[in-house]
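Notes to accompany the following structure.
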Amino acid sequence: MNKRCLALVSTTLLAFIIHGARGQGMGYRVGVVPSLEKVFKDMQFQEPLSAEMNLSLAQGEYESAQIVIVARQDLVDVRILFTELRAVDGDAVIDVDNLSYRVVGYVISRPYSKPNDPWRPYPEPLIMRESFDVSSGENQPILITVHAPRGTPPGVYRGEIVVDPGNAPSSTVRVTVRVWDFPLPDRCPLWVVPWADYGSAVRYLGFGIDDHDKFLKFMRYDARLLARHNIRSMFIHPNLWKIKKVGDSCVVDFDYFDQVISVCQEEGIDRFCLFLAWDMFEEGWFPCSEESLLRKVAGHLREKGWLEQFLLYLKDEPDFSDPETLRKHKEYARIVKDAGFIYRGNALTWRAKGGLREVVGLQNVYIFADYLTFDRNVASFADERRSSGDHIWWYTCGYPGVDPTMIAEPEIKVALIPLISWKFNRDGYLFYAYNLWRNREGDPWEQKGVSLPWVVFPDPEKNLDHPLVPTMTLVSLRDGLDTYSYLWILDRLVKEKEAEGDVTSAEEGRSVIDQCLDRLVKFVGFNSALGGFYLPQGETLPTPGDLYQIRELLARTIIKLKAELGVEESRGPFPDSFCLLQNFPNPFNTATRIDFYVPANGKVSLRVYDVRGREVRTLVDRFLSRGKHFSIWNGRDGLGRRVASGLYICRLTAKDFKETKKMLLLR
C-alpha cells in the first residue's frame, strides 16, 4: 500500500505540544512545534501533553510545521499517514495531494558568532523518505507542509495526521486549518535571486550541463522547488549558448538556452539573473566582442518576449577605487544599455562607494552589501536613485569563512530577511549562495564547519527524480517572503483607501503595518560578515509566535479593509446564469462600480484590461457564493498607480462563461 503523509502547521503554539493520552504508556510520544523552531536530537520537552495543531494561510500559500517523535524505544518503519482536510461548513476539501512531509536531517555545525561553542548536529536538510527509523532516546522532527491552492474556499478545515510505527501503536494528531479570504500575489513582489552554480551541482550528481535530457530534468525540479518556496527567479549562466565567430560577426545558437528558460517558466519562474560580466570577455570566454554578443542576446530576448524578465549582472563586486576598473565598468554598462537591456546591475561592496555617481544612468539596479545599509552616504545615494526610478537591492554572503546560511542560528533570523528588505525599501534581495558545493572539498553531507554556503543539498542517492534536498533555511525564507506579501497586500489596500478619501481605514491599515515592523524588525539590521543581526542594547529577536501573531493581524486587517469586492444580500430571484452589468458611472473620473450576478457557488474572476489586451488590474479572483456582487475600480493598476485616460475592458470569467463591458476613464 502506498502511504503518503499529511501536514499541518501550528501558527499559534509557542511551546512544544506533545500528544496526550494516546501517547502515554507507549514507546514514544508525538507533538508539534513551529517550523521556525530548531529541534535537536537530545532536547528535553516539558508537559502538559497535547496534540492540537492549528494553521492559517492565504489562498495559494504553502505553510509548514513540525511533528516531533520523542522515542523511548527503537522505532522502525515509521510512516506518516493523513486524511483529507474537510471544511467545517460546506463540502469543500483540501485534497491529500496538497499535503506532504519530509524527514528533518542533521549536519555538524556551530554558530559563526560563537566559535567556542561545541560542534553538534543541527537540523537542516529535509529528506524525502517513505518510511524511517528513530533510535531510542532521540527526537525526530518531521516537517509537514500544507498548500491551499488558489480558489480554495475560505473557511476552517479539519483532518488528522497519523504517526504509524511498524513496531508500536499508531498515534493521531488533530489538525485545524484556516484559509483566509484572499490570495497571495502570483509571485512575491520582492525580487529574490538565489546565486547558483549549476555546473558544480550537476557534476556532483554525475553528469554535465551538456547532457541535455538530464540537465533539463534537473532544472525543472529546481524551478518547481524554488516556486514552491515563493522564489520566482533563477540564476542563469551563458554556458547554455553555443557561440562561434563567422568573419566579423557572432553567431549564437540559443536553442538549448531557450529550452532551459521554457522549462523553468512552465514551473512558475518568471525572472532571471543572467551572469554576463565584463571580465568574462577579457578572460576569453567568448570569441566575439561585447557589442556583438550583447546585441545578439538582447535581440533574442526581445524577440521571445523575455527581455523584461532578465537582469543582466555586470560584474561581481567591482572595485571602483581603481580608475581602470571603473573605466571598464562604465564602458561595459554603456554597451549593455545601448544593446537594450532593461535591468542592469551588480553586487557592490565598500570598494564601490567612491564611484557610485560615475555609473548613474548606465546601470539601474544597485545591489548593496548588507553592511552598506547603515552607511550614510550610501543610504542617501540609494534614496536618491530609488526616487529617480532605479532599483535598490541588497545581498547577504555565505562565502566560506563568513556566516553562511545560518544553519546554527535561529530560523527566525532567515524569516526576517524579507522584512528587513521592506523596512529599508529594498526592491530585491540576492543571497549567496544557493548550492555552492564546489567551494568545499569532499562530500557536502560530511563537512564539519559553519561554512556551508548553500540552502539546498544534493540528494544523497543522486536520484534525478528529486536531485535536490531543500532545507529548513529555505522554508524559513519562504515564511518571510509570505509575510512580505501580506505586507504588500495591506499596503496596496491602504493606498487605495487613501485615494478614495477613506482616512480612517487608511490610518488603521498603516498602523498595523507600523506595528508589524516595530515588533518584528525593531533591530537595526543584518550583517553576515559580523555574525548576523545588529540588535539595540536590551533587545532580543522576536519569537516564532510573534511572527505568527503578526501574520494573523495582517490577514484580519486585509480582510477588513478589502474594498475591492462588495456583496449585496437579496431575497429576490437571481438570474440563472452569470451576468455582468455595465459599470456606473461611465464615463468616470475617480472610481466606478461594477455589478455582476453569480448563479451558483464557484470560482469567479473580474479583471480590467487595456485596449491592447494587457491586464491592468485583477479586481476579483476567488470563490464566491451565489448572489449579486459588486467591485469598485479606482482607476489604478495592480501596483496602485493611476492609469491614463482611455478605454478599458472589464471581463467577468467563470467556468465556461466570459462576458466583457467597455469602460471609459476620463481624467
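The values are calculated or read from the model by the stated rules, or taken from the named source; none is laboratory data. In this text, all values refer to a predicted model and were calculated from it rather than measured experimentally. FYI the Cβ positions are ideal-geometry reconstructions off the backbone, even for glycines, and counts take in every protein chain you see. Side chains are part of the model used for accessible areas, which takes the heavy atoms of the whole protein and leaves out ligands, DNA and RNA. Shrake-Rupley method; radii C 1.70, N 1.55, O 1.52, S 1.80 Å.
Odds and ends about this structure:
- Computed FRET value (nearest 0.05) for Arg642 with Lys603, which takes r as the C-beta separation and R₀ as 22 Å: 0.15
- Under the Karplus curve 6.51 cos²θ - 1.76 cosθ + 1.60, θ = phi - 60°, whole-Hz ³J(HN,Hα) for the range 415-420, x wherever Gly or Pro sits: 5, 8, 4, x, 6, 5
- Close amide-amide hydrogen proximity is noted between Tyr28 and Arg72, each under 5 Å apart and 5 or more residues distant or on a separate chain (H modeled in the peptide plane; Pro and chain starts excluded).
- If only the Cβ of Lys and Arg carry +1 and only the Cβ of Asp and Glu carry -1, the dipole of the range 207-339 around its Cα centre is close to 400 debye.
- Dipole of the chain computed with +1 at Lys/Arg Cβ and -1 at Asp/Glu Cβ about the Cα centre; of Met234, Leu665, Leu311, farthest Cα towards the positive end is Leu665.
- For the chain, the solvent-accessible area with a 1.4 angstrom probe is 41 square angstrom per residue.
- Dipole magnitude for the chain: computed about the Cα centre from +1 point charges on Lys and Arg Cβ and -1 point charges on Asp and Glu Cβ, it is near 1360 debye.
- Relative contact order (percent, whole number), the chain, Cα cutoff 8 Å, 6+ residue spacing: 12
- Share antiparallel - DSSP beta bridges, the chain, percent rounded to 5: 70
- Considering only alpha-carbon pairs that sit under 8 angstrom and 6 or more positions apart, the relative contact order computed for the range 133-216 is 19 percent.
- Along the axis of the charge dipole computed for the chain (Cβ charges of +1 for Lys and Arg, -1 for Asp and Glu, origin at the Cα centre), the listed residues Gly155, Cys650, Gly247 are led at the positive end by Cys650.
- Highest mean packing comes first when the peptides 460-467, 389-396 are listed by Cβ atoms within 10 Å, giving 389-396, 460-467.
- Environment charge of Trp180, counting only residues whose C-beta is closer than 13 Å and scoring Lys/Arg +1, Asp/Glu -1: +2
- When His629, His300 are compared by accessible surface with a 1.4 Å probe, the order from highest to lowest is His300, His629.
- nm² value of the averaged projected area, convex hull over the Cα atoms of the chain: 32.8
- Alpha carbon centroid spacing (whole Å) that separates the range 151-221 from the range 327-357: 36
- For Tyr343, residues with placed amide H under 5 Å, excluding near neighbours: Leu312
- Taking the range 50-138 and dividing mean pair separation by its residue count, relative contact order in percent (alpha carbons under 8 Å, at least six apart): 35
- Here the Karplus curve 6.51 cos²θ - 1.76 cosθ + 1.60, taken at θ = phi - 60°, turns the phi angles of the range 629-640 into couplings of 10, 8, 9, 10, 10, 9, x, 10, 8, x, 9, x Hz, with x standing for Gly and Pro.
- Amide H to amide H, with H built 1.01 Å from N, Ser56 comes under 5 Å of Thr11, Arg178, counting only residues 5 or more places away or on other chains.
- For the range 76-93, the Karplus equation 6.51 cos²θ - 1.76 cosθ + 1.60, evaluated at θ = phi - 60°, returns couplings of 10, 6, 6, 10, 10, 10, 8, 10, 5, 9, 10, 5, 5, 10, x, 9, 5, 9 Hz by residue, with Gly and Pro reported as x.
- Gap separating the Cα centres of the range 57-133 and the range 609-665, nearest whole Å: 41
- Note on the chain: dipole from Cβ charges, positive end direction compared against Gln515, Pro460, Pro34; the farthest Cα belongs to Gln515.
- Accessible-area composition of the chain, carbon plus sulfur, in percent [1.4 Å probe]: 46
- Using only side-chain charges placed at the Cβ, +1 for Lys and Arg and -1 for Asp and Glu, the dipole size of the range 149-278 relative to its Cα centre rounds to 360 debye.
- Peptide ranges 71-77, 478-484 listed from the most packed, as the mean C-beta count within 10 angstrom indicates: 478-484, 71-77
- Extension gain, Asn116 to Ser387, is 93.0 nm, computed as 0.36 nm per intervening residue step minus the present C-alpha separation.
- Of Lys423/Lys522; Lys304/Lys328; Lys628/Lys655; Lys296/Lys337; Lys328/Lys353; Lys114/Lys423, pairs whose Cα-Cα distance is over 21 Å: Lys304/Lys328; Lys114/Lys423
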